[in-house]
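Down below is the structure, laid out as structure tokens.
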Amino acid sequence: MVKFLGGLGDNRVKNVETPTFLPEDNIRFGVEYSPDSRPPVIGRNYTIRSNSIIYNDVVIGDNFRTGHNVVIRENTNIGDDVLIGTNTVIEGDVIIGNDVSIQSNVYIPTNSVIEDNVFIGPCACFTNDKYPVRINYELQGPKIRRGASIGGNTTFLSNVEIGEGSIVAAGAIVIHSVPPFYLAIGTPARIKPLPDHLKVPNKL
């Protein structure tokens with residue numbers, strides 16, 4: 001089952017009594033999008049596996065593939081030839097380019113940018129809030145530039161930039177931006193020049 005959501009109310013279980021909440025509980029059911037909201041647009045030759053949810057105002061190119069239980073929220077733009085693995089969550093206002101491979105259990109928050117020919121390994125976690133729940137801050141996710149390769153179980157602080165062709169090693173915690181064609185490794189990540197034999201395009 002794949003759900004295309006036009007409002008939160010579309011995802012309610014049927015034949016179940018809706019609970020009653022007091023106004024001070026600040027809980028609402030059946031919240032709808034604005035009247036000018038539009039259903040998702042998906043290109044040719046797609047494969048979307050079971051229990052995936054795609055919200056309104058999402059635009060996706062050709063040859064799109066997902067695993068199971070993928071969530072893609074509103075105002076996300078995705079290019080051609082993109083794979084999104086099982087249990088990955090993409091929050092709203094995200095841009096993803098062409099020829100991108102995102103593995104399972106990845107979290108991509110609002111205001112992230114992923115350019116063309118990027119690989120993101122399993123369990124990568126991006127963040128977009130520099131001072132969580134402490135001060136008001138303009139949410140800025142990471143920018144992953146063309147041809148970068150991200151290892152599994154990596155963590156990225158908000159607003160870092162991973163340069164073109166760079167590699168982030170598995171398990172790294174990236175707290176500063178990484179220049180093009182550099183390697184980030186360790187916790188916190190140390191940044192060193194990428195060896196010449198690794199300065200090649202991703203083979204996706």
Subject >> First in the range 36-54 and over 15 Å from residue 90 (Cβ atoms), second anywhere and part of a strand (DSSP E or B) and open to solvent by 80 Å² or more (accessible area, probe 1.4 Å), Cβ under 6 Å, 6 or more apart >> reply: 47/65
**OP:** Considering only the range 107-135, state which residues are in a loop (DSSP other than H, G, I, E, B) and hydroxyl-bearing (Ser, Thr, Tyr).
**Re:** 110, 112, 127, 131
Subject >> the range 90-106 - residue that is in contact (Cβ under 8 Å) with a residue 24 or more places away in the chain and in a strand (DSSP E or B) and, of those, surrounded by the most Cβ atoms within 10 Å (Cβ to Cβ) >> reply: 100
Subject >> So residue 180, is it touching an Asp or Glu at 6+ places or on another chain (Cβ under 6 Å), without any contact (Cβ under 8 Å) to a residue 60 or more places away in the chain and open to solvent by 20 Å² or more (accessible area, probe 1.4 Å) >> reply: yes
**OP:** Those residues that are buried (at least 20 other Cβ atoms within 10 Å of the Cβ), over 14 Å from residue 102 (Cβ atoms) and not hydrophobic (A, V, I, L, M, F, W, C), I need them from the range 35-55; list them, please.
**Re:** 55
**OP:** Determine, yes or no, whether residue 25 is modelled with pLDDT of 80 or more and not polar (S, T, N, Q).
**Re:** no
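Could you please give the count of residues in the range 141-164 that are of a type outside the set (Asp, Glu) and open to solvent by 40 Å² or more (accessible area, probe 1.4 Å)?
The number of residues fulfilling the criteria is 7.
In the list 167, 114, which residue meets the criterion of being modelled with pLDDT of 95 or more, crowded, with 19+ Cβ neighbours inside 10 Å and under 22 Å from residue 52 (Cβ atoms)?
Numbers: 167 fails: under 22 Å from residue 52 (Cβ atoms).
The unique qualifying residue is 114.
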Original post:
Can you tell me which residues in the range 49-100 are at pLDDT below 95 and of a type in the set (Ser, Thr, Tyr)?
Top reply: 50, 52, 55
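Can you find, within the range 54-81, the residue that is farthest from residue 112 (Cα to Cα) among those that are touching a Gly at 6+ places or on another chain (Cβ under 7 Å) and part of a strand (DSSP E or B)?
Just the residues of the range 54-81 that are touching a Gly at 6+ places or on another chain (Cβ under 7 Å), to begin with: 56, 60-62, 64, 67, 73-76, 78-80.
Still in the list and also part of a strand (DSSP E or B): 60, 78.
Working: 60: 16, 78: 12 Å.
Ranking the candidates gives 60 first.
Just give me the residues in the range 117-140 being aliphatic (A, V, I, L, M) and open to solvent by less than 20 Å² (accessible area, probe 1.4 Å), in sequence order. Working first, answer last.
Step one: filter the range 117-140 for residues aliphatic (A, V, I, L, M), giving 118, 120, 124, 133, 135, 139.
Across the range 117-140, the qualifying residues are 118, 120, 124.
The values are calculated or read from the model by the stated rules, or taken from the named source; none is laboratory data. No experiment lies behind these values; they were computed from the predicted model shown. Here Cβ is always computed from backbone atoms with ideal geometry, including for glycine, and neighbour counts include all displayed protein chains. Please note that ligands, DNA and RNA were not included when accessible areas were found on the heavy atoms of the full protein model with its side chains. Shrake-Rupley method; radii C 1.70, N 1.55, O 1.52, S 1.80 Å.
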